[in-house]
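Only one structure is covered here, and it is reproduced in the block below.
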Amino acid sequence: MTDTPEPTKAHFRSDVTVDLVKSAAGDSDVLFAARVSTAGEQSLEEVTKDPERSKGLINYLMRDRHGSPFEHNSMTFFISAPIFVFREFMRHRVGWSYNEESGRYRELEPVFYVPGESRKLIQQGRPGKYEFVEGTPEQHELTSRAMEVSYRQAYDAYQEMLAAGVAREVARAVLPVGLFSTMYATCNARSLMHFLGLRTQHEMAKVPSFPQREIEMVGEQMEQHWQRLMPLTHAAFNKNGRVAP
């Protein structure tokens, strides 16, 4: 009979992280792609020109929904977040590529999501038209305690099965979606704008959205990276109601 392994210490987090791994993205990418329709090979001259002088064109493209010029760029992010965030992420398929760490090929680390004190816990209203409000200290204490107990039990069961020789791909079935995972996500500005329009709330948005807070936290960090790369495109996105062209 196999001895039960010692319980592994779990680590609890309330944050998510997004790192920009690499990029080939700038406002000039939008301009040379747009101008090829009228300038042909001469549009290559836009690659080395200051895009600031043509920000009106970027705004026009955004306003009138000429979307394809915003696809000629690329950004790759490395994201650390709970599994349930990634399951929402996978709904975004057009213009995105994903590679996530695998529980079949590596032993998963005991890192779990527990909401921080600023996370609103109470849902009011009906789906599609609801809001979240602050929870009480007692509700926050209950949420943290219940999650931590459940996470520890699940990970202990996972470790027990691994120690007994059960395959990783089978043992992982006991682990919850609050477990942290990591992935690379690659997109272009157009696909990112569509993501942000759905997964973030913003005062300048023409169309309201009701994202889960945890995926919104990811979106906010991705937007900060993108804004630095393509400031004119980002400004036009906001000016025109944060609707992807």
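Checked against (1) at pLDDT below 95; (2) open to solvent by 60 Å² or more (accessible area, probe 1.4 Å); (3) in contact with an Asp or Glu (Cβ under 6 Å, 6 or more places away or on another chain), residue 51 passes all but a single condition, namely (2).
Has segment 74-81 got at least one residue that is open to solvent by 50 Å² or more (accessible area, probe 1.4 Å) and in a helix (DSSP H, G or I)? Talk me through it step by step, then tell me what you get.
Step one: filter segment 74-81 for residues open to solvent by 50 Å² or more (accessible area, probe 1.4 Å), giving 78.
Now restrict to residues that are in a helix (DSSP H, G or I): none.
There is no residue in segment 74-81 that is open to solvent by 50 Å² or more (accessible area, probe 1.4 Å) and in a helix (DSSP H, G or I).
Can you say whether residue 173 is within 19 Å of residue 101 (Cβ to Cβ), free of Cβ contacts under 8 Å to residues at least 40 places away in the same chain and over 16 Å from the mean Cα position of the chain (by Cα), as far as the supplied structure shows? Judged against the criteria, residue 173 is a match. Within segment 86-117, being among the hydroxyl-bearing types (Ser, Thr, Tyr) and out of contact with any Asp or Glu (no Cβ under 9 Å at 6 or more places or on another chain) holds for 97, 98.
Summed over segment 18-48, residues that are open to solvent by less than 20 Å² (accessible area, probe 1.4 Å), closer than 27 Å to residue 223 by Cβ and modelled with pLDDT under 85 total 1. The residue of segment 52-80 that is nearest to residue 224 (Cα to Cα), among those that are touching a residue at least 40 places away in the same chain (Cβ under 8 Å) and among the aromatic types (Phe, Trp, Tyr), is 77. Could you check, for segment 177-184, whether at least one of its residues is surrounded by fewer than 18 Cβ atoms within 10 Å (Cβ to Cβ), touching a residue at least 40 places away in the same chain (Cβ under 8 Å) and small (Gly, Ala, Ser)? No, segment 177-184 has no match at all. In segment 93-144, the qualifying residues are those that are of a type in the set (Val, Ile, Thr) and in contact (Cβ under 8 Å) with a residue 24 or more places away in the chain, and the one that is most open to solvent (accessible area, probe 1.4 Å) is 94. Please tell me if residue 232 is touching a Gly at 6+ places or on another chain (Cβ under 7 Å), within 28 Å of residue 53 (Cβ to Cβ) and either modelled with pLDDT of 95 or more or not in a loop (DSSP other than H, G, I, E, B) (or both). Answer is no for this residue. Scanning segment 210-224 for residues that are in a loop (DSSP other than H, G, I, E, B) and surrounded by 14 or more Cβ atoms within 10 Å (Cβ to Cβ) returns 210, 211.
When segment 145-170 is filtered for residues that are in contact with a Pro (Cβ under 9 Å, 6 or more places away or on another chain), open to solvent by less than 60 Å² (accessible area, probe 1.4 Å) and either among the acidic types (Asp, Glu) or free of Cβ contacts under 8 Å to residues at least 12 places away in the same chain (or both), only 156 remains.
The values are calculated or read from the model by the stated rules, or taken from the named source; none is laboratory data. All values reported here derive from a predicted model rather than from experimental measurement. Note that we place each Cβ from the backbone using ideal geometry, even for glycine, and neighbour counts take in every protein chain shown. What goes into the accessible areas is simple: the full protein's heavy atoms, side chains included, and nothing from ligands, DNA or RNA. Shrake-Rupley method; radii C 1.70, N 1.55, O 1.52, S 1.80 Å.
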